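The values are calculated or read from the model by the stated rules, or taken from the named source; none is laboratory data. Bear in mind that the values here come from a model prediction, so they are computed numbers and not experimental data. When we count neighbours, we look across all protein chains shown, and the Cβ atoms used for this are built from the backbone with ideal geometry, even at glycine. Heavy atoms of the whole protein, side chains included, go into the accessibility calculation; ligands, DNA and RNA do not. Shrake-Rupley method; radii C 1.70, N 1.55, O 1.52, S 1.80 Å.
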Amino acid sequence: MHKVLALFGMIFLVTYASDTRAEDLRITAFGDSLVQGYGLPQGDGLVPQLQHWLQEQGAEVRLTNAGVSGDTTAGGAARIDWTLADQPQGLIVLLGGNDLLRGLPPLQARANLRQILVTAQAQEVEVLLIGMQAPGNFGPDYKARFDSIYAELAQEFGALLHPDAFAGIRAVAGDDPAAAQAYMQGDNIHPNARGVALNVAALGPVVLQLAARIEAAAAKS
């Protein structure tokens with residue numbers, strides 16, 4: 001009899017744990033190598049570090065990594081339907097870095113990001129848009145046009161905005177490339193594990209806002 005009760009207790013605990021996990025908010029991180037975790041051990045990338053940060057805050061959120069190294073905004077627009085087929089409740093969008101590396105036209109990047117937001121909005125998915133800042137080597141006009149994309153699209157679609165993917169590193173190193181190197185991989189493009197941790201600390205509170213939006217929308221439905 002005791003064995004039966006113990007077995008029943010184990011089944012109850014497993015079922016309860018499964019139900020709890022099923023209730024976690026489902027958020028997909030959608031982007032390029034900065035999301036995918038290029039050059040880092042499996043647990044050191046943006047998504048696992050952000051997942052750990054959220055757990056430390058007590059947030060019941062389950063992140064999915066939909067990062068593809070080398071992806072441009074065009075690549076993201078091409079695969080957004082497939083990504084949303086998993087029916088996430090929230091979407092974190094981090095794209096544009098590869099457009100900048102290739103010097104692609106800002107109007108093209110804007111159109112692609114807009115298509116992603118249109119698709120997410122049509123499926124009632126809450127969005128957090130993360131901005132990228134153009135380097136100065138393409139000239140001030142290019143930089144102004146590219147940098148403005150994210151805030152303007154976030155306002156148009158009512159999406160949350162985190163203006164700078166590298167905000168955490170920038171808060172420590174400023175605009176000094178030499179100071180930033182301590183937080184970057186050897187290519188000076190991708191953050192190392194320490195850099196990711198800084199960026200996650202800056203991004204995390206906005207992800208909590210995204211989670212709150214999802215919960216509010218669910219309460220209304």
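So which residues in region 121-137 are assigned to a helix (DSSP H, G or I) and at pLDDT below 95? Walk me through how you get there before you give the answer.
Filtering region 121-137 for residues assigned to a helix (DSSP H, G or I) gives 121-122, 136-137.
Correct list: Gly136, Asn137.
Where in region 1-120 are there helices (runs of 4 or more DSSP H), lying wholly inside it, with at least 3 residues that are at pLDDT 95 or above? So that I can check it myself, show each step before the final result.
Details: elements: 2-22, 33-36, 46-56, 73-84, 97-102.
It comes to 33-36, 46-56, 73-84, 97-102.
With the requirement that a residue be open to solvent by 80 Å² or more (accessible area, probe 1.4 Å) and of a type in the set (A, V, I, L, M, F, W, C), what does region 160-176 give you? Within region 160-176, Ala171, Val172 qualify.
Working carefully through the options Phe146, Phe157, find the one that is out of contact with any Pro (no Cβ under 6 Å at 6 or more places or on another chain) and either among the aromatic types (Phe, Trp, Tyr) or open to solvent by 60 Å² or more (accessible area, probe 1.4 Å) (or both). I'd like the intermediate steps shown before the answer.
Numbers: Phe146 fails: out of contact with any Pro (no Cβ under 6 Å at 6 or more places or on another chain).
Exactly one of Phe146, Phe157 is out of contact with any Pro (no Cβ under 6 Å at 6 or more places or on another chain) and either among the aromatic types (Phe, Trp, Tyr) or open to solvent by 60 Å² or more (accessible area, probe 1.4 Å) (or both), namely Phe157.
Please enumerate the residues belonging to region 101-118 that are open to solvent by less than 10 Å² (accessible area, probe 1.4 Å) and either in contact (Cβ under 8 Å) with a residue 60 or more places away in the chain or within 19 Å of Ala134 (Cα to Cα) (or both).
Kept after step one, since they are open to solvent by less than 10 Å² (accessible area, probe 1.4 Å), are these residues of region 101-118: 106, 109, 113, 116-117.
Residues satisfying the conditions are Pro106, Ala109, Leu113, Ile116.
Residue-by-condition table, conditions (1) among the small types (Gly, Ala, Ser); (2) touching a His at 6+ places or on another chain (Cβ under 7 Å); (3) crowded, with 16+ Cβ neighbours inside 10 Å:
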{"position": "Val61", "(1), (2), (3)": "no, no, yes"}
{"position": "Asp99", "(1), (2), (3)": "no, no, yes"}
{"position": "Ala120", "(1), (2), (3)": "yes, no, yes"}
{"position": "Pro135", "(1), (2), (3)": "no, no, no"}
{"position": "Asp141", "(1), (2), (3)": "no, no, no"}
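If the condition is being farther than 13 Å from Val207 by Cα, open to solvent by less than 40 Å² (accessible area, probe 1.4 Å) and touching a helix residue (DSSP H, G or I) at 6+ places or on another chain (Cβ under 8 Å), then region 76-92 contributes Gly76, Ala77, Ile80, Leu84.
The set of residues in region 53-73 being of a type in the set (D, E, K, R) and closer than 20 Å to Ala212 by Cα consists of Glu56, Glu60, Arg62.
For Gln87, the conditions (1) in contact with a Phe, Trp or Tyr (Cβ under 7 Å, 6 or more places away or on another chain); (2) in contact (Cβ under 8 Å) with a residue 60 or more places away in the chain; (3) not charged (D, E, K, R) are fulfilled apart from (1).
Starting from residues that are more than 14 Å from the chain's Cα centre (by Cα) and not hydrophobic (A, V, I, L, M, F, W, C), keep the ones in region 193-221 and report whichever is most open to solvent (accessible area, probe 1.4 Å).
In this case the residue turns out to be Lys220.
Leu63 meets the stated requirement of being over 20 Å from Ile189 (Cα atoms) and out of contact with any Phe, Trp or Tyr (no Cβ under 6 Å at 6 or more places or on another chain).
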